[in-house]
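Asker: Structure provided below as structure tokens; questions to follow.
Just so it is clear, none of the values below were taken in a lab; they were calculated from the coordinates. Since the structure is predicted, the reported quantities are computational estimates derived from the model, not experimental observations. We place every Cβ from the backbone using ideal geometry, glycine too, and count neighbours over all the protein chains shown.
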Amino acid sequence: MFTVETSNIKGITSFTTYDSGGLKECKLNEYNLIHTKYGDFVPQYGNPGIRRKQLNALSFYKSGKVKNISLEQQTEISTSIGNFPAELVTFFEDGSLNSLFPLNGQISGFWSEEEEGALAQKYDFTFPFGSFSAKIIGLRFYPDGKVRSLILWPTEGIAVDTPAGKIPIRTGFKLFEDGSMESVEPAKPVPVEAPIGLINAYDAAAVGIDADVNSLRFDRNGKLTSLATFDIISVKKSNGEMKVTFPKLKPGLTEEYEKVPIKLSFDDDTVIINDGAKANEYRISDSTFKITGGDYTEAPTCGYCSKCKGCM
């Protein structure tokens, strides 16, 4: 564990505190040296220029232990899978490494994602489920130092072995503490054998900034627990009741409309089918399922058709 005597921090230009009065976070304009079990780090204090984010240089837990350090310069840090440069590091309260980010630039009208990407370098990785080289946004760890998740650079894609087979992925992946695969984000529609039949797993709306939450998930034994799809799912219960679930449309941020994926969750003999508006639960042994391949093209402009049920 390491605690910083906050009264010794020099050059604080702005700060916030906890209700107890303890320092929560601060910005700096003077050199400071923070000692950790991973080495000594210099928090950001100089002019950030057009590229660097104007972040709080330091943040703390209520206990006074360091939580985040935005570094003045890219600094190498040792991990369980090798050494990596970092511009931002975060820690658990016990002082162990939580995450590192090799780059931490501010994408804006003055600094583009392409310019930031040109600074990103590829790293070589070897895991039990595959070896690959890729640019990354960051790495997250468990307190014991094992990798928790790997976040890929937005333009990167890799293929890894999963309990559902070898799958091309984007965004990244998350691992259990024992190193087995917990979740991935498919880069394209991938047929996956589910308890209700073969279904295409894909979430076009997946947010690619954090690999801790992915749409295709497994339990510790490799059993499929959830996925997202744009396929059409028909269910017939033993009493003859029928229900058809298909992807809906909603107003988009960058497009007029965007499709909402159907989310499926599996547990023993049940499946929950959620179309974004309503979730229905079915007993698998009491139902018959038909999966029809969905439309994986971009969402069209809505024509306000009188018979359409897919919008909102």
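Asker: Let me check against my output: what whole-number percent is the relative contact order of the chain, with C-alpha pairs under 8 Å and at least 6 apart?
Answerer: That works out to 9 percent.
Asker: For the chain, what does -39500 (n - 2.57) per DSSP helix run (n ≥ 4), summed and divided by total residues, give at 222 nm, in deg cm²/dmol to the nearest 500? Spell out each step's value before the answer.
Answerer: Details: 1 runs with 7 residues, N = 312.
When only DSSP H runs of four or more count, the value is -500 deg cm²/dmol.
Asker: Let me ask another. Between Asn280 and Tyr18, what FRET efficiency comes out of the Förster formula 1/(1 + (r/R0)^6) with R0 = 45 Å and r the beta carbon distance, rounded to 0.05?
Answerer: The value I calculate is 0.55.
Asker: Taking Cα extents along the principal axes in Å straight from the coordinates, which label in (1) 78, 45, 29; (2) 73, 44, 42; (3) 69, 50, 31 is the correct one?
Answerer: (2)
Asker: Please report the Cα spread of segment 61-109 along all three principal axes, rounded to whole Å, starting with the longest.
Answerer: 38, 27, 14
Asker: Report, in debye and to the nearest 20, how large the dipole of segment 6-114 comes out about its Cα centre when Lys and Arg carry +1 and Asp and Glu carry -1 on their Cβ.
Answerer: For this selection, approximately 240 debye.
Asker: Please report Rg (one decimal) and Dmax (integer) in Å for the Cα set of segment 6-114.
Answerer: For segment 6-114, the Cα-based Rg and Dmax read 14.0, 43 Å.
Asker: Going by Cα centres, segment 222-248 and segment 118-151 are how many Å apart?
Answerer: First find each Cα centre; the distance between them is then 34 Å.
Asker: Among Gly22, Ile9, Pro48, whose Cα lies farthest out toward the positive end of the dipole of segment 6-114, if unit charges sit on the beta carbon of Lys, Arg (+1) and Asp, Glu (-1)?
Answerer: The residue sitting farthest along the positive end of the dipole is Gly22.
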